[in-house]
Amino acid sequence: MIRFLFKLILCVLFALGAGFAYLALRSGDPVYTFYEWISPARFRHYDGLIRSVATEHRLDPMLIKAVAWRESRFDPQKYGSAGERGFMQVSEKAANEWAHENKIDNFQAEELFDPKTNMEAGAWYLQRALQHWEQEPDPLPFALAEYNAGASRAQRWAGGEQAPAMAAKTFLNNIDFPGTRKYVDSIIARYQFYKRRGKM
């Protein structure tokens, strides 16, 4: 009887491991896929708000969710090493630009810990970056690099303001910040994972 139970437990563990390995392969991030698998509520809690903000800013909600997944793992209280705040890790500078553009008086950076405010500012900044690179055949890697490292660095990697359109692969190869390259790759992989799955 004990041997049977032991074999049964091994079979269950093997099945769980195989399922986890499949999810990890599909998403490109085994650790956080595991957390999403065992605690799905945390990873879906803000889906309604994401859809609302995405509609307002004409963005794919799966893209916003992929950025938030990479930036904070959906922790609205996260404080980054360079002062970025909240759900989409918005910098104070970017948030002030958003507040000025949207005529929001007396904006305080601490408001970025509110998920809706943070998503509004982050989505606005991401949409602006996508518009900035809309002449590129695939503007997404360019926009994500700008979101992470700033417009001037992204422009340098693209060859300057007057440079002709560039293939995304060439642009990615030009990124000399390993962290930014990994950042762009991981968001694109997560975004594709959501699209393959057909839901956020």
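Observations
- Boolean, LEU112 is in contact (Cβ under 8 Å) with a residue 24 or more places away in the chain, buried (at least 24 other Cβ atoms within 10 Å of the Cβ) and in a helix (DSSP H, G or I): yes
- Scanning the stretch 43-86 for residues that are among the β-branched types (Val, Ile, Thr) and closer than 17 Å to ILE188 by Cα yields ILE64, VAL67.
- Selection from the stretch 88-119 of residues that are among the hydrophobic types (A, V, I, L, M, F, W, C) and in contact with a Leu (Cβ under 9 Å, 6 or more places away or on another chain): MET88, VAL90, ALA95, MET119
- Options ARG181, ARG190, ARG196; residue that is at pLDDT 95 or above and among the charged types (D, E, K, R): ARG181
- Subset tally (residues that are of a type in the set (A, V, I, L, M) and either assigned to a loop (DSSP other than H, G, I, E, B) or without any contact (Cβ under 8 Å) to a residue 12 or more places away in the chain (or both)) for the stretch 46-83: 2
- Filter result (surrounded by fewer than 16 Cβ atoms within 10 Å (Cβ to Cβ) and among the hydrophobic types (A, V, I, L, M, F, W, C)) within the stretch 155-188: ALA163, ALA165, ALA167, PHE177
- Members of the stretch 84-105 found to be in contact with a helix residue (DSSP H, G or I) (Cβ under 6 Å, 6 or more places away or on another chain) and part of a loop (DSSP other than H, G, I, E, B), listed by number: GLY86, PHE87, MET88, GLN89
- Sub-7 Å Cβ pairs linking a first residue in the stretch 138-153 that is under 19 Å from ALA95 (Cα atoms) to a second residue that is of a type outside the set (Ser, Thr, Tyr) and not in a helix (DSSP H, G or I), at least 6 apart or interchain, are ALA143/TRP133; ALA145/ILE175; ALA149/PHE177, ordered by first then second residue.
- Evaluation of GLY83 against the conditions (1) at pLDDT 95 or above; (2) over 19 Å from LEU63 (Cα atoms) shows that the sole unmet condition is (1).
- Unmet requirement for ARG128, which otherwise passes all of (1) closer than 23 Å to GLU97 by Cβ; (2) basic (Lys, Arg); (3) under 12 Å from the mean Cα position of the chain (by Cα): (3)
- In the stretch 145-197, the residues that are under 20 Å from GLU134 (Cβ atoms), assigned to a helix (DSSP H, G or I) and among the hydrophobic types (A, V, I, L, M, F, W, C): ALA145, ALA149, ALA151, ALA154, TRP157, ALA168, PHE171, LEU172, VAL184, ILE187, ILE188
The values are calculated or read from the model by the stated rules, or taken from the named source; none is laboratory data. For clarity, every value in this text was computed on a predicted model and none was experimentally measured. FYI the Cβ positions are ideal-geometry reconstructions off the backbone, even for glycines, and counts take in every protein chain you see.
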